[in-house]
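For reference, the structure discussed in these notes is given below.
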Amino acid sequence: MTPIELAILGLVVLIAMILLRVPVAVALGLVGYVGYAILEGWTRAGLILGTAPIELAQAYTLSVVPLFALMGAIAAVSGLSSDLFAAANAVMRGTRGSLAVAAIFASGLFGAICGSSVATALTMSKVSIPEMLRGGYRPSFAAGSVAAGGTLGILIPPSLILMIYAIIAQLSVAQLFAAALIPGLILMAFYAATALALGSRVKPSVPTPVPPLLPSLARIWHVVLLFTATIGGIYAGVFTPTEAAAVGALGALLLALVTRRASVSTLAATTLETVRLVSTVIFIVMASTIFSYFVVQTGLSNAVSEAMERAGFGPIGVILLLCVIYVVLGCFLEGIAMILITVPIVLPLVLSFGYDPVWFGVLLVILIEIGLITPPVGMNLFVIRAVSPQLKVTDIYFGALPFLAAPLLLIAAMVAWPQIVLWLPSLIE
């Protein structure tokens, strides 16, 4: 068996194991270890198994993950989502579909301090869907707007997915955060435009109270302060990403205590849950590192690049093909799993066709967003169903479909004008 054939067999086995519910870390580590051993021998595979976790644990950039995860977890239990929704609703008052647009804007703002799509969809579902249903909105429209808005949690910085990509691709977290900001704001605007178009047919059956504008805006001071101190500090060069994450985590903790939004026991439970989450993520990244060694040794990336060149694929053709592949994978695999499995193979291919790795990272996150609202595995759809059991699964699925036009339009714009992504990072180099 040639190394390329072994690599293909390893990928097939890996995807099969994940679909059979084998934990992602176990599947990645096992396939990578056994594959490397077949190529280089069990002794060298044992050395990789022993040194990879140590090298990863010593990586300074990895410390940004638990700190930003803690900041997002505290924000999720502090009730900030209701304030954000009220403020966005007050700004959009008097507009058809205003509650749906408010849910999208509030999701974007919440994502700016959370970093998790699932957490954003979960918290915003609790706050906004009951209000929309009381206001006479179609269940499908209410669910679709929250599902779409929730995806902003992994694009607008800070983003857990972008942090993991930065570690795997050995890129600057600050550069990736800067690159994702403008596309994130554009996507939020596209989602809002879609909601306005769909909301033009909404005829509220029950008048919904609109909170006063200025008091509602004043109540989100803590969100503005937290975002300015963390992400703003990175863009201004005041903090490194790790320092900003530490400031953000401490700031979220202090704000939760000062505003009495969370008790000490709740914060303790949140901290413990963050430890569990981060431990799982780091274990997966360690296993992915071993899998990456195996893939590199097989030469699969170079073989794929050469095959595409012989087939006549140009840079645009490669990106279009990758978009199709990722959308299909998103129907079956979770976002972190997609990054860890595919980046070691795909990133060298993308670089060989002249694309910027930072630009590709943002594109990858947008493709993962599509997977989050695409049946049958779209995580945001399942989260909304769990929070709002009165909604039919078909309503949630069909409600999310019109919003898929927004990320597809953004991808087209990014391919046509790469500076949408690369302009802001160029200012902070």
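Brief remarks follow.
- Residue match in the range 274-293 (condition: out of contact with any helix residue (DSSP H, G or I) (no Cβ under 7 Å at 6 or more places or on another chain) and among the hydroxyl-bearing types (Ser, Thr, Tyr)): yes
- For the range 32-49, the criterion of a residue being within 30 Å of PRO241 (Cα to Cα) and under 25 Å from the mean Cα position of the chain (by Cα) is satisfied by no position.
- Breaking point among (1) of a type in the set (Val, Ile, Thr); (2) within 23 Å of ILE234 (Cα to Cα); (3) free of Cβ contacts under 8 Å to residues at least 12 places away in the same chain, for ILE54: (2)
- Residue within the range 138-160 that is over 20 Å from MET379 (Cα atoms) and either in contact with a Gly (Cβ under 7 Å, 6 or more places away or on another chain) or surrounded by fewer than 22 Cβ atoms within 10 Å (Cβ to Cβ) (or both) present: yes
- Selection count, the range 398-424, where residues are of a type in the set (S, T, N, Q) and either under 30 Å from ARG138 (Cβ atoms) or in contact with a Cys (Cβ under 8 Å, 6 or more places away or on another chain) (or both): 0
- Selected residue (criterion: modelled with the lowest pLDDT) from residues of the range 76-96 that are outside any helix (DSSP H, G or I) and within 24 Å of the chain's Cα centre (by Cα): GLY79
- Test: ALA143 is under 17 Å from the mean Cα position of the chain (by Cα) and not charged (D, E, K, R): no
- Residues located in the range 260-308, provided they are more than 22 Å from the chain's Cα centre (by Cα), surrounded by fewer than 14 Cβ atoms within 10 Å (Cβ to Cβ) and charged (D, E, K, R): ARG260, GLU306
- LEU340, sole failed condition from (1) more than 22 Å from VAL34 (Cβ to Cβ); (2) under 21 Å from the mean Cα position of the chain (by Cα): (1)
- Test: residue in the range 9-21 that is under 18 Å from THR280 (Cα atoms), out of contact with any His (no Cβ under 9 Å at 6 or more places or on another chain) and surrounded by fewer than 17 Cβ atoms within 10 Å (Cβ to Cβ): yes
- Cβ separations smaller than 6 Å between residues 6+ apart or across chains give the following pairs from the range 312-328 residues that are at pLDDT 85 or above and among the β-branched types (Val, Ile, Thr) to residues that are surrounded by 13 or more Cβ atoms within 10 Å (Cβ to Cβ) and not in a helix (DSSP H, G or I): VAL318/PHE353.
- Selected residue (criterion: farthest from ILE368 (Cα to Cα)) from residues of the range 124-155 that are touching a Pro at 6+ places or on another chain (Cβ under 8 Å) and either without any contact (Cβ under 8 Å) to a residue 60 or more places away in the chain or assigned to a helix (DSSP H, G or I) (or both): LEU133
- Candidates are the residues of the range 101-123 that are among the polar types (S, T, N, Q) and assigned to a helix (DSSP H, G or I); the one that is surrounded by the most Cβ atoms within 10 Å (Cβ to Cβ) is SER107.
- Of all residues making up the range 350-377, the number that are surrounded by fewer than 23 Cβ atoms within 10 Å (Cβ to Cβ) and more than 30 Å from GLY312 (Cα to Cα): 4
- Test: LEU176 is of a type in the set (A, V, I, L, M), modelled with pLDDT of 80 or more, more than 14 Å from LEU84 (Cβ to Cβ) and part of a loop (DSSP other than H, G, I, E, B): no
- Boolean, ALA73 is in contact with a Ser or Thr (Cβ under 8 Å, 6 or more places away or on another chain), farther than 23 Å from THR242 by Cα and either small (Gly, Ala, Ser) or assigned to a loop (DSSP other than H, G, I, E, B) (or both): no
The values are calculated or read from the model by the stated rules, or taken from the named source; none is laboratory data. Keep in mind it's a predicted model, so treat the numbers as computed, not measured. Cβ atoms come from the backbone with ideal geometry, glycine included; neighbour counts cover every protein chain shown.
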